[in-house]
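For reference, the structure is listed below as structure tokens.
What follows draws every value from the coordinates through simple rules; no lab data is involved. Quick caveat: nothing in here was measured; it's all calculated off a predicted structure. Heads up, the Cβs are rebuilt from the backbone with ideal geometry, glycines too, and the neighbour counts pull from every protein chain shown.
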Amino acid sequence: MVVFLANRANLQSKRLHDRIQNRLSSEFDAVCRRRTEPRETGPYRVVGTVNPRQFFGEKAYPTTTARIEVGFQLQTGDPHEYYWFNWIEPERQLLVGWHQDDTHDDIGPVHLQVNDSTTAVDHQPADFIDSHPLDVIERRLESLPDAVAAVEWTDGRPARFR
């Protein structure tokens with residue numbers, strides 16, 4: 001178990017995303033920090049690629065290409081950070097992601113989302129983790145296999161969570 005003793009109030013966005021990049025580099029390929037695009041919130045994203053068959057340890061996994069995208073927005077109007085932790089499989093047009101933001105207040109501060117391409121097809125409430133962002137990364141990485149496995153498919157398209 002990793003323990004983070006850093007004061008979250010003193011986090012700096014670029015430094016945090018550099019630390020996320022270092023952490024993800026142990027499991028993902030071509031990990032880099034990039035500035036967000038105009039449609040994205042927060043200043044940075046950390047992006048890395050991976051072979052899901054190796055990452056999940058499943059030789060029959062239906063694709064060999066995936067990427068992870070993680071970003072934090074530290075200064076928000078809420079007493080906690082916003083973040084986006086997305087698993088994306090371009091070949092299957094799948095996105096599974098945890099989003100702690102202000103977009104679905106009706107289901108809580110954090111939701112798990114599945115997209116078919118760029119269209120969200122389901123949202124479920126998710127556990128709020130009141131912890132250092134690097135701890136959030138660890139816990140979401142641990143939960144990722146179950147979240148991806150929970151996607152229900154209809155006619156070869158991601159449709160909802162089971």
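Test of understanding: ordering ASP116, ASP78 by Cβ neighbours within 10 Å, fewest first, what list do you get?
Ascending number of Cβ neighbours within 10 Å: ASP78, ASP116.
Of ILE129, ILE20, how do they rank once you tally other Cβ atoms within 10 Å and put the fewest first?
ILE129, ILE20
Convert each backbone phi in region 56-68 into a coupling constant with the Karplus relation 6.51 cos²θ - 1.76 cosθ + 1.60 (shift: θ = phi - 60°), then list the ³J(HN,Hα) values in order as whole Hz, x for Gly and Pro.
Listing the rounded values in order: 8, x, 10, 5, 9, 4, x, 8, 10, 10, 8, 9, 10 Hz.
What is the order of SER26, SER131, fewest Cβ neighbours within 10 Å to most?
So the residues, fewest neighbours to most, are SER26, SER131.
Go ahead and estimate [θ] at 222 nm for the chain from helices alone: -39,500 (n - 2.57) per DSSP H run with n ≥ 4, summed, over the residue count, rounded to 500.
The helix contribution divided over the chain gives -6500 deg cm²/dmol.
Compute the helix-to-body angle for 13-24: its Cα long axis versus the longest principal axis of the chain, expressed 0 to 90° and rounded to tens.
Result, in degrees: 40.
Residue separation times 0.36 nm, minus the C-alpha to C-alpha distance between ARG15 and ALA150: what's the value?
45.3 nm
Return the tail of the calculated pair distribution for the chain, meaning the percent of Cα-Cα pairs more than 28 Å apart.
Roughly 18 percent, once rounded to a whole number.
Rounding to the nearest 10 and keeping the result within 0 to 90°, find how far the Cα-based axis of helix 133-149 lies from the longest principal axis of the chain.
Here the helix axis deviates by roughly 10 degrees.
What are the ³J(HN,Hα) values, in whole Hz, obtained from phi via the Karplus relation 6.51 cos²θ - 1.76 cosθ + 1.60 with θ = phi - 60°, for each residue of region 112-123 in sequence order, with x given for Gly and Pro?
9, 10, 10, 10, 9, 6, 9, 9, 5, 10, 7, 10
For a quick check: with amide H placed at 1.01 Å from N, whose amide H comes under 5 Å from VAL121's, ignoring anything fewer than 5 positions away on the same chain?
So VAL121 has HN proximity to VAL114, ASN115, ASP116.
Apply the Karplus curve 6.51 cos²θ - 1.76 cosθ + 1.60, θ = phi - 60°, to the phi angles in region 76-91 and return the couplings in whole Hz, x for Gly and Pro.
10, x, 9, x, 9, 6, 9, 8, 9, 10, 10, 9, 10, 10, x, 5
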